[in-house]
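Peer 1: My questions all concern the structure below.
The values are calculated or read from the model by the stated rules, or taken from the named source; none is laboratory data. All figures in this text were calculated on a predicted structure; none of them were measured in a lab. Counting neighbours? That spans all protein chains shown, and the Cβs are built from the backbone with ideal geometry, glycine included.
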Ligand code: FE2
């Protein structure tokens, strides 16, 4: 994966070496139609498929790719399948945050020795293009991490999948790589999962936000960000904090029926072009009021972009000691108010947009009020 935080690369030996994110798998109610959404709206290219036509009788999976971002959309064929039960309980959501590794068996064994729960021991999948080793451990809620070792594989995705050419001509919108994936967990569980990533996967605690950093008049949350040794994999973990009304994290937990992935941040090199294209394609974003832009330059100083363009597209800006970043958040991408995307462009900044939290959470509260769930 692209070196996002080169200066944070550890010179010491990484006890849990990860090359980056391999793929993110969503369990969905209708993978065929979801695949259209990601192709038409987000400009992904369909690259591989498995299903009854390829000999996998119980499910269908569509592999979509853009830049280094790879999504899999999976649905089951029968109601008593574990995938169907997952969708019934959680709605469409993220099942697997897969990590690209050089030695899946070794990392799996290390994780288990350090206390991880096994979901699937290492297995080697083979076809005419070589072999892929996969192994999975449990994370928060029903979310998994699958370690994927693909150094001896040259096919489109992995054995069991067939390369496909979609009849749809998609236009990439400039999505480059996964910047971070955020999890929501129950009150009191944030530290448990931060500890899990530290103890089991050798991650380091990067940043802590308490409820004073992230609160509005009505709601609050707490967040800690952990990062792996080379800085390519970053997982913020949120838990709700007490406020006057129901926080967005509680709303998520109620509708997802437990902990899970809240948002996936995808990096672009040109957020104005990317967001302009996404909006044209019908992607909906959170609304930020015009007065946000009256104060933003006073807060962040000089930036390369035209303020008017950012205002037109509702893009947010924040600065830290190392530079600035531009970001924007979609509305939830399914009917339940659960998973959403962030589009982010980093111009030196390595932080997460703390200066935007208040404006952002007020925007989310307006949406909660519209849904009657605040
Ligand atoms: Fe984020």
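Peer 1: Only residues that are touching a residue at least 60 places away in the same chain (Cβ under 8 Å), outside any loop (DSSP other than H, G, I, E, B) and away from the ligand (no atom under 16 Å from the Cβ): list them for segment 266-285, please.
Peer 2: 273, 277, 278
Peer 1: Within 23 Å of the chain's Cα centre (by Cα) and either surrounded by fewer than 19 Cβ atoms within 10 Å (Cβ to Cβ) or assigned to a strand (DSSP E or B) (or both): which single residue out of 116, 111, 135 fits that description?
Peer 2: 135
Peer 1: Criterion first (under 16 Å from residue 183 (Cβ atoms) and touching a helix residue (DSSP H, G or I) at 6+ places or on another chain (Cβ under 6 Å)) does residue 250 satisfy it?
Peer 2: For residue 250, the condition - under 16 Å from residue 183 (Cβ atoms) and touching a helix residue (DSSP H, G or I) at 6+ places or on another chain (Cβ under 6 Å) - is not met.
Peer 1: Looking only at residues that are assigned to a helix (DSSP H, G or I) and over 16 Å from residue 291 (Cβ atoms) in segment 346-360, which one is modelled with the lowest pLDDT?
Peer 2: The extreme case among them is 357.
Peer 1: Still on this model: So, in segment 241-265, exactly how many residues are away from the ligand (no atom under 13 Å from the Cβ), within 19 Å of residue 196 (Cβ to Cβ) and assigned to a strand (DSSP E or B)?
Peer 2: Residues meeting the conditions: 1.
Peer 1: Could you check segment 140-189 and list, in sequence order, the residues that are outside any loop (DSSP other than H, G, I, E, B) and within 16 Å of the ligand (Cβ to nearest atom)?
Peer 2: 175, 176, 177, 178, 179, 180, 181, 182, 183, 184 - these are the residues of segment 140-189 that are outside any loop (DSSP other than H, G, I, E, B) and within 16 Å of the ligand (Cβ to nearest atom).
Peer 1: Okay, next question. Here are 215, 166, 139, 118: which of them is touching a strand residue (DSSP E or B) at 6+ places or on another chain (Cβ under 9 Å) and free of Cβ contacts under 8 Å to residues at least 24 places away in the same chain?
Peer 2: From the options 215, 166, 139, 118, the qualifying one is 118.
Peer 1: Kindly indicate whether residue 296 is away from the ligand (no atom under 16 Å from the Cβ), touching a strand residue (DSSP E or B) at 6+ places or on another chain (Cβ under 8 Å) and not in a helix (DSSP H, G or I).
Peer 2: Considered against the rule, which asks whether it is away from the ligand (no atom under 16 Å from the Cβ), touching a strand residue (DSSP E or B) at 6+ places or on another chain (Cβ under 8 Å) and not in a helix (DSSP H, G or I), residue 296 comes out as no.
Peer 1: Could you count how many residues in segment 333-355 are surrounded by 23 or more Cβ atoms within 10 Å (Cβ to Cβ) and either away from the ligand (no atom under 14 Å from the Cβ) or not assigned by TED's automatic domain parsing to the domain that holds residue 234 (or both)?
Peer 2: Matching residues across segment 333-355 total 1.
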